[in-house]
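For reference, the structure discussed in these notes is given below.
The values are calculated or read from the model by the stated rules, or taken from the named source; none is laboratory data. As the structure is a computational prediction, the values presented were derived from the model and not from experiment. All Cβ positions, glycine included, derive from the backbone under ideal geometry; neighbour counts span all protein chains shown.
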Protein chains: 4
Amino acid sequence: MRDKITVALIGAGRIGLEHARNLASFPEIQVAVVCDPVIEAARRVSPLARAGGITDSAEEVFARNDIEAVVVCTPTSTHAEMIERAARSKKAVFCEKPVALDLQRTREALEVVKENGVPFQIGFQRRFDSGYAEAKRRIEAGALGRIDQFRAVGRDPGPPPKEYLAKSGGLFIDQAIHEFDLARFLAGEVAEVYSWGTVRFSEDAAALGDVDTATTLLRFQSGALGVIENSRRAVYGYDIVTEVFGMNGKIVIQAEPKTPLRHYSETGYQMDHFHFFMDRFGPAFRTELESFFRCVAEGTEPSPGVTDAIESLKIAVAATSSWKAGRPVKISELAV
Amino acid sequence: MRDKITVALIGAGRIGLEHARNLASFPEIQVAVVCDPVIEAARRVSPLARAGGITDSAEEVFARNDIEAVVVCTPTSTHAEMIERAARSKKAVFCEKPVALDLQRTREALEVVKENGVPFQIGFQRRFDSGYAEAKRRIEAGALGRIDQFRAVGRDPGPPPKEYLAKSGGLFIDQAIHEFDLARFLAGEVAEVYSWGTVRFSEDAAALGDVDTATTLLRFQSGALGVIENSRRAVYGYDIVTEVFGMNGKIVIQAEPKTPLRHYSETGYQMDHFHFFMDRFGPAFRTELESFFRCVAEGTEPSPGVTDAIESLKIAVAATSSWKAGRPVKISELAV
Amino acid sequence: MRDKITVALIGAGRIGLEHARNLASFPEIQVAVVCDPVIEAARRVSPLARAGGITDSAEEVFARNDIEAVVVCTPTSTHAEMIERAARSKKAVFCEKPVALDLQRTREALEVVKENGVPFQIGFQRRFDSGYAEAKRRIEAGALGRIDQFRAVGRDPGPPPKEYLAKSGGLFIDQAIHEFDLARFLAGEVAEVYSWGTVRFSEDAAALGDVDTATTLLRFQSGALGVIENSRRAVYGYDIVTEVFGMNGKIVIQAEPKTPLRHYSETGYQMDHFHFFMDRFGPAFRTELESFFRCVAEGTEPSPGVTDAIESLKIAVAATSSWKAGRPVKISELAV
Amino acid sequence: MRDKITVALIGAGRIGLEHARNLASFPEIQVAVVCDPVIEAARRVSPLARAGGITDSAEEVFARNDIEAVVVCTPTSTHAEMIERAARSKKAVFCEKPVALDLQRTREALEVVKENGVPFQIGFQRRFDSGYAEAKRRIEAGALGRIDQFRAVGRDPGPPPKEYLAKSGGLFIDQAIHEFDLARFLAGEVAEVYSWGTVRFSEDAAALGDVDTATTLLRFQSGALGVIENSRRAVYGYDIVTEVFGMNGKIVIQAEPKTPLRHYSETGYQMDHFHFFMDRFGPAFRTELESFFRCVAEGTEPSPGVTDAIESLKIAVAATSSWKAGRPVKISELAV
C-alpha cells in the first residue's frame, strides 16, 4: 500500500465497530474521523479505530479534502445517498451491501460512482474468506473443468427483529443475496431463477408478507443448474455451506467445527458450530478492507464492485418475483 | 425367524449374485433353486446361495409348493409379471425396484399382490443403511421437531450403457426415485414437484431425449420444502448425501471416507470416497432381506411395501412431467 | 479358490459363532463339523456354518481324513494343543491369537507346525481391515519413505470379567499384543521396549497384579521410535487409532463415526463411535478367513503366520518384563 | 481494561512484529516506543504498533516512568536480563518463552520479578487458543472426571537453522516445552519423565549432539500416564495434536483443515493442513496479550506466570537428562 490513506468511517453501529478494529490494524490507514448522527456511538467506536476525531455530520466528512476514502456502515436506506455524496466529493467508497433495496435506486447511485470515476467496493465479505477465495482460485485454475451444478445453503441462527425485517426487502434481497453473490462468484452469471418460499415459524415474516424459508433454483447462462436453500433460523447456528460440482470433481466450502476440539463421551463425540456471521467471517471482514485499500493505493479497480452489486440484486429481485408469481423468471425480463 | 424358509432366487445377474451371498448367510433360509433363463448364470450363482438346484424355468419355480418366497432380480421389464405370478402362487415377494416404469402397470401388479394377500417388499435398500435407519429412528422420536427442509443429492460415478438408459424410464424414474423414496421415508408425503433437467455430458442421454443432470423442488404435504440434485456422473465416486432440517436441528447422512485412513502429505491430507452403490450400501442389501424374511416368518407386513412402490413412482412420474412441461406438477394431478 | 475345502470349526463360543457365519458365506468352503465339548454350543452354531454335523470330540475331528483345515476358536489354554494335534493330522490351521501365553509353549506348538509343513495363520484380524491393509500397501509402495515414528492407541470399552483377566496373561499379552502386531506390520521389527503400567480403576486388575492402563515405548530395529497407549476402559467405545509417520508424510488409521450420520442440535453436532471389536473389525474377520483359505487352496503360505505369532508375543513378554523391572528391555534379552 | 496503558515493545523481530499488530488493535494500549538494537527493525515495526517512537536503547525504555509494561521479544539469551531490568523499574512484563535455558538463571530472574511484585506472564500462547482454552474449561468443570492418560504430538514443518539450534537448548527445552506446558495445563503436575531421542534426518542436530525426533513418557503426580511425541520436521505441516483421556471420556484438540474447503477429485477428497505456528496460533497470540493487559489493568495476577515458566522448564530439563542418562528422571531429583 501507499504510505498513508486517510479515511472516514461513517456509521458506528455493529458493523462499523468491527470495521473500526480492522482499520486500526492497517498501519497505512489513518482514520481521520468516525461519523455517526448519534455522536455517542461515534465516541464509543472512535478509540477502536484510533481515529483522529468524531462528528455527527456526514456533510463535514464529505467536505474534507484530506479524506480520500469512506467506509459506509450506515443503515441500508441511506447507502445510496452516502455513495453518491462520497463519489461526488471524489472519495473512494467501501459500502456495506446492499446499495439499495430496488434496482432503480441502485443503478442511480452506481451511475454517480461511474461518472465520478471513484473506486467502489460492495461488502460481500464472503469472497474474502479463506475457503471461498481458495475455491475461486482453484475453479479459475480449471480444477473442476466445466461446472454443472452449484448449491448453497444459508441459514441464520435466528430471525432478525421485526423492525429490521420490515425494512429488509424480504428474505431474497436481505439474506439470500449473499448466496446469489456466491453463485455468480464461483459458477458464473445467472440466466433464470425459480423460487419457492414459505412461512414455517416466523409470525413477523407472515405479518409482513415475507417468508422465513425458501428454495431457489438457478439456471446459469452456461446451462449449469444451481439451488439455494435459505432459512431464517437454525438452532445449531449459522449454517453456510457451498458446493460447486463440475466435470472433474467438486469443491465444498464448509467451516466446521468452530472450535478445534472433539469431545468424546458415552454418547459418541461432539463438535461445536459457528453461531454468528462475525465469528464465521470475522477474518474476511478484515481481508475485504485490506483488498479495498490496496486497490485504492495502487489505483486498480476494487472487486466486488458496481456490476456485482447490481447483478446480485437482480437475481434477488427476480427470485422475489418468481416466488410471488409462482413461475420461473428470467433475469433478462427485469425492467432495467 | 422361523426354523426354515424355502426360497427361490429369480434372476442371477449382478444384483442376484449379491442377494445370493446374503441368502447363504441366513441360517433360517434355504435357497431351493436359482432360476435364470440363462442357465449358465444360474449355475454360477447357485453355489453362492448354497442353493439346492438351478432351473431356467420360472414356471417351475412358481409351481413348487415347497417354495414360500421369491427374491426377484430379473430385468425391470419382467418385474410386474414375476410379481403377479408369484403372488398368484401364494409366494411372498421381494422385488428389486421398480415394479414397472409406468404407474398403470405398477398398480395392476400390486393389485394382484393385495388380492392374494402375500407379503411384498420393494428393494429400496437405503432405508436399511445404518445411517438412514438411525435418522428415521431419531426423526420419529422427535429429535428434529417439525421438519422444514429436506435435501438429497444422488450422483452416480458414471452413466449406465445406452442400452440400459433406453429402457430405464429416464433419470427421474431410474435414478432420482431413490432420493424420492428417501424424501418420503424421512420427511413425509410429497404434494408437488418442479424439475429442471439438462444434458451436460451424455450424448446417450441427449439421443434418447433424457437428461444427465437435474434438480427437483419438492413441496411436502406438511408445507416443508425439499430439493434433490442428480447427476449421472461424478468423477470422485458415488455421491449420496441427505439432509433433514427441522426446528430443533438437522441430521445429515453422508458416508465418507470409504476407507478409515487419512493420508497426510505435502499437499495436505486426503481420504477416499465410495465408488459403487454396492460398496456403499452392501450391508443394507443384507439387512433389507433379513427384514423381509423376518416379516415373512412373523406374519407381519414387510416395508417398504406396495404403497412405497407406488408413491415414489408417482413423484418420479410427476418430476418427469414437470421437466417436460416446464411447470410445477401436483402429485394429485396424476391420472389414476 | 479350489472347488471345495472341507473344514472343521473347533470351538463354538463368541468368536466361533462369528467365524461360522463367515464360513457359510464362502461357496468353496464346506464345514463338515462344528466341534465343542459343550455339544449344545456346537448345535447352536452349526446352522450358522451350514455345517454337516456336530461333535463334542476333537479327537474325532483330527481323525477324519476328509477334513483339510481347522479353524480353532477354543479357549486360549487349549490353542497350543489343538495346533499340534491339527498339524500332526496334516490339517491346515487357522487359530485365534495367542498360541499360548508364554514363549516356550508357543515355540513348541509352532515347531510342530513347521515339522508337519501345514499352512498356519494366526488371528490378527486387524491386518485385514480395509484401513490397515491399505496403509500397508501405501507404506510398502514407499508413500511415507523412511518411517520415523509409530503410534497406536488401544482402548477397550470396558474391562473383561475377572475370570477372563486371571487367565489372560495380563494387559500386555492379552490386549496390547494387537498393537504390537500392528507395529511390526506397519513399521518393522522392534528392538527394545519400555513400559509403564498402572491401575486406575480396575480392582480386578489390582487384585491380580495386573494393570488397566499402560504406555509402552518402542524402539524399532530401524531406529524409529514408537509408542503404544492402552486402557481397559473407554466410556465412549472401542478406541483404536494408529499413526505411522515418515519422512514423506503420515498415515492415520481411525474409524469414526460408526454410523454415517451427523446430528446437529443446539449444542453443536454429534457423531457416534464404535463400541465393540466385532462392529469395528467384523469385515476383517471375514477377510482374514478368506485369505487363509485362498492360501490353502493355492498352496501359498498364509500370513500372519508362525513368525508373527512368536514375534508379537516376544514384544508383549518384553513389555511385561519392562513394566515389572522398571527398565528398558531388549527383545534380544529374552531367553529363547 | 483501564483507560490507557502505556507499553514498550522490546524486540522487533518476527514475533515482535506479530505482537506489534496486536498491540495496535487494543484501543486501551498505547505503544510509546518500539525498541531494538537494530534501529531499522524498530523503524519497520513501529507503524504496525502505531508506536509513538523508536529507540535502540533498552536503557531508555526502562528509565521512562510513563511506561507501565513491556512486551519482551528479544533473543532468548537476553530474556532473563530484560525481565530483571523491567521488574526493577517496576514495569509489568510479558516475555516470550523461555526465560532462560537453565533453571538457575530462570529462578534468579523470576526471583527479581517476585521481589518487585510486578505482573509477569510467559508466552505460552497455546493456552489461549480457542481449542485449548475450551478444553481447560471443560476439564475444570469435571467433564472428563479423573484423568488417566495424556498425549501430545508436536511436529514442526521443518528444523530451524543451525545457528538457532545451537542456542536453543535442544529439542526438549526448545520445542517439547510447549507440550510440557500443555501437559501441566490440562492434566496436572508431572512427577517423572522418561525420554528417548534420536537423530533421523538432521545433520545439524547430530553435529550439535541434539536430537530431531523424541518421545517422552510422563508420570503425573496424580498417577496418570502421559506421552509426548516430537519431530523437527513434518512435510505436511505444523502438527499439533493433544488428547486428554479420563474416566468419563476424552477431549482431542486438533485443528484441521486450515482452509474450510474439501476438494473432491478422482483420487478422493483432500483438505489442507496448517503450515506455520503463526497460522495455527495467530489468534492465540492476540488473546494472550489481551489477557495480560486485562490483568495489568485489573491488578490481578497474569497466567501463565512465574510457576509455569519454572515448572515447564523443569520437565524439559528432566527430559533432557533422562534422554542422556537412559533412565527415568523424577522432577524432584532436579537440583535447586
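At a glance:
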| item | result |
| --- | --- |
| Those residues of region D:62-81 which are touching a helix residue (DSSP H, G or I) at 6+ places or on another chain (Cβ under 7 Å) and part of a helix (DSSP H, G or I), in sequence order | D:Phe62, D:Ala80 |
| Subset tally (residues that are within 14 Å of chain D (Cβ to nearest Cβ) and buried (at least 19 other Cβ atoms within 10 Å of the Cβ)) for region A:28-41 | 4 |
| Sole exception among (1) more than 7 Å from every other protein chain (Cβ to nearest Cβ); (2) in contact with a His (Cβ under 7 Å, 6 or more places away or on another chain) for C:Gly268, by number | (1) |
| Positions within region D:249-264 being at the interface with chain A (Cβ under 7 Å from one of its Cβ atoms) and not hydrophobic (A, V, I, L, M, F, W, C), in sequence order | D:Gly249, D:Lys250, D:Gln254, D:Thr259, D:Pro260, D:Arg262, D:His263, D:Tyr264 |
| Region A:98-133, residues that are within 15 Å of A:Ala316 (Cβ to Cβ) and among the aliphatic types (A, V, I, L, M) | A:Val99, A:Ala100, A:Leu101, A:Leu103, A:Ile122 |
| Among the candidates A:Phe276, A:Phe281, A:Phe292, residue that is buried (at least 22 other Cβ atoms within 10 Å of the Cβ), among the aromatic types (Phe, Trp, Tyr), within 30 Å of A:Phe94 (Cα to Cα) and more than 13 Å from chain D (Cβ to nearest Cβ) | A:Phe292 |
| Region D:296-316, subset touching a strand residue (DSSP E or B) at 6+ places or on another chain (Cβ under 9 Å) and β-branched (Val, Ile, Thr), residue farthest from the other protein chains (Cβ to nearest Cβ) | D:Val306 |
| Among (1) part of a helix (DSSP H, G or I); (2) over 23 Å from C:Arg286 (Cα atoms); (3) under 18 Å from the mean Cα position of the chain (by Cα) - the single one C:Glu59 does not satisfy | (3) |
| Identity of the residue in region D:212-223, more than 7 Å from chain C (Cβ to nearest Cβ) and surrounded by fewer than 24 Cβ atoms within 10 Å (Cβ to Cβ), that ends up nearest to D:Ala319 (Cα to Cα) | D:Phe220 |
| Contacts under 8 angstrom Cβ, first residue in region A:293-313 being over 30 Å from A:Ser332 (Cβ atoms), partner among the small types (Gly, Ala, Ser), 6 or more apart | A:Phe293/A:Ala69; A:Cys295/A:Ser303; A:Val296/A:Ala69; A:Val296/A:Ala92 |
| Failed condition for C:Thr259, given (1) β-branched (Val, Ile, Thr); (2) over 21 Å from the mean Cα position of the chain (by Cα); (3) surrounded by fewer than 19 Cβ atoms within 10 Å (Cβ to Cβ) | (3) |
| Among residues of region D:29-56, those that are farther than 21 Å from D:Ser291 by Cα and in a helix (DSSP H, G or I), counted | 9 |
| Filtered residues of region C:196-211 (kept if touching a strand residue (DSSP E or B) at 6+ places or on another chain (Cβ under 6 Å) and more than 9 Å from every other protein chain (Cβ to nearest Cβ)) | C:Val211 |
| Residue satisfying condition, being in contact with a helix residue (DSSP H, G or I) (Cβ under 6 Å, 6 or more places away or on another chain), modelled with pLDDT of 95 or more and surrounded by fewer than 22 Cβ atoms within 10 Å (Cβ to Cβ), within set C:Arg50, C:Arg2 | C:Arg50 |
| Residue in region C:269-282 that is of a type in the set (Phe, Trp, Tyr), part of a helix (DSSP H, G or I), under 22 Å from B:Tyr132 (Cα atoms) and within 18 Å of the chain's Cα centre (by Cα) present | yes |
| Matching entry among D:Gly226, D:Gly188, D:Gly209, D:Gly237 (being under 25 Å from D:Tyr132 (Cβ atoms) and free of Cβ contacts under 8 Å to residues at least 60 places away in the same chain) | D:Gly188 |
| Any hit, region A:252-268, residues being over 30 Å from A:Val118 (Cβ atoms), acidic (Asp, Glu) and without any contact (Cβ under 8 Å) to a residue 40 or more places away in the chain | yes |
| Lone qualifier among D:Ala141, D:Ala135, D:Ala166 - being touching a strand residue (DSSP E or B) at 6+ places or on another chain (Cβ under 9 Å) and of a type in the set (A, V, I, L, M) | D:Ala135 |
| Of the criteria (1) within 14 Å of chain C (Cβ to nearest Cβ); (2) within 23 Å of A:Asn230 (Cβ to Cβ), which one B:Tyr238 fails | (2) |
| Those residues of region B:65-77 which are within 16 Å of the chain's Cα centre (by Cα) and over 17 Å from B:Pro302 (Cβ atoms), in sequence order | B:Thr74, B:Pro75, B:Thr76, B:Ser77 |
| D:Arg105 being charged (D, E, K, R) and closer than 19 Å to D:Ile177 by Cα | yes |
